[in-house]
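Structure, as structure tokens:
Taken together, the values in this text are just the output of simple stated rules run on the coordinates, not laboratory data. Note that the structure is a prediction, hence the values are computed from the model and not measured. Methodologically, a virtual Cβ is constructed for each residue, glycine included, from the backbone with ideal geometry; neighbour enumeration extends over all protein chains shown.
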Amino acid sequence: MVQGSVAEITNKANEALTETLNKTLEAFSLASEVNRNLLDQTVDASAAIAREGIRYLGEIQGAIRQASEEARELVTRQWALAQEFPKDAMASSQKAVALYWEGGEKIIRLGEAQLEALNRFTGNVQNLLGKAGKETQDLLGFAGTSLYELIRKVAERISGKEISPWEVEQIVREEDASTQAEARSDKR
């Protein structure tokens, strides 16, 4: 009778150990999947931000090219105006003022266009980061729920009774405190 009892206890212990190991492997698999998904999300977000940066730089390049052409045109017109100055100083002066005014307006339009491009870029990057943050939050929420269920199942299997959410939380807190204490002692 004692031998049967020992064999029964040994079998139950082996079953519990096997299930615990299986659940541990499941937890590692979950952690691996979460890490892979986080890495994928990071790569996707980085690539999208890089595309936005390239688009923004393309806009800047186009604007600089346009500004350069307009500046070249203004300089050419100013040179021609300087050649007219000895002939008609008053008319040349009025044309020079108008030309400077036109140049100022072009600079303001260029600055406004760059501000709009920068606002689009920062808005797009902010949207991309917000989306990535939401996806990460969803993924970690799923992982947390799955891990919680694993802990609950293992605890129920070991204890042989149903475990409440409060008890699972207590198990996690105790394990976290134990891990932190071990980390502190390892640093010393």
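Values as computed for the structure displayed
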item	result
Filtered residues of segment 132-176 (kept if among the polar types (S, T, N, Q) and surrounded by 12 or more Cβ atoms within 10 Å (Cβ to Cβ))	Thr136, Ser146, Gln170
Residue match in segment 89-96 (condition: free of Cβ contacts under 8 Å to residues at least 24 places away in the same chain, of a type outside the set (Val, Ile, Thr) and closer than 30 Å to Leu150 by Cβ)	no
Subset of segment 150-182 (residues that are among the charged types (D, E, K, R) and under 30 Å from the mean Cα position of the chain (by Cα))	Glu169, Arg173, Asp176
The one condition in (1) more than 17 Å from Asn35 (Cβ to Cβ); (2) buried (at least 16 other Cβ atoms within 10 Å of the Cβ) that Glu105 fails to fulfil	(2)
Yes/no for Ile64 being within 30 Å of Ala47 (Cα to Cα) and not basic (Lys, Arg)	yes
Residues satisfying the stated conditions in segment 145-166, i.e. among the polar types (S, T, N, Q) and in contact (Cβ under 8 Å) with a residue 60 or more places away in the chain	Ser146
Counted residues, segment 23-58 - those being surrounded by 14 or more Cβ atoms within 10 Å (Cβ to Cβ), more than 18 Å from the chain's Cα centre (by Cα), within 30 Å of Lys161 (Cβ to Cβ) and not charged (D, E, K, R)	2
Only listed residue being touching a residue at least 60 places away in the same chain (Cβ under 8 Å) and either touching a helix residue (DSSP H, G or I) at 6+ places or on another chain (Cβ under 7 Å) or of a type outside the set (S, T, N, Q) (or both), chosen from Val125, Val172	Val125
Residue in segment 141-149 that is within 18 Å of the chain's Cα centre (by Cα) and under 26 Å from Glu19 (Cα atoms) present	yes
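For every residue, the table says whether it meets (1) in a loop (DSSP other than H, G, I, E, B); (2) closer than 15 Å to Leu115 by Cα.
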| position | (1), (2) |
| --- | --- |
| Arg51 | no, no |
| Glu59 | no, yes |
| Gly62 | no, yes |
| Glu73 | no, no |
| Pro86 | yes, no |
| Ser92 | no, no |
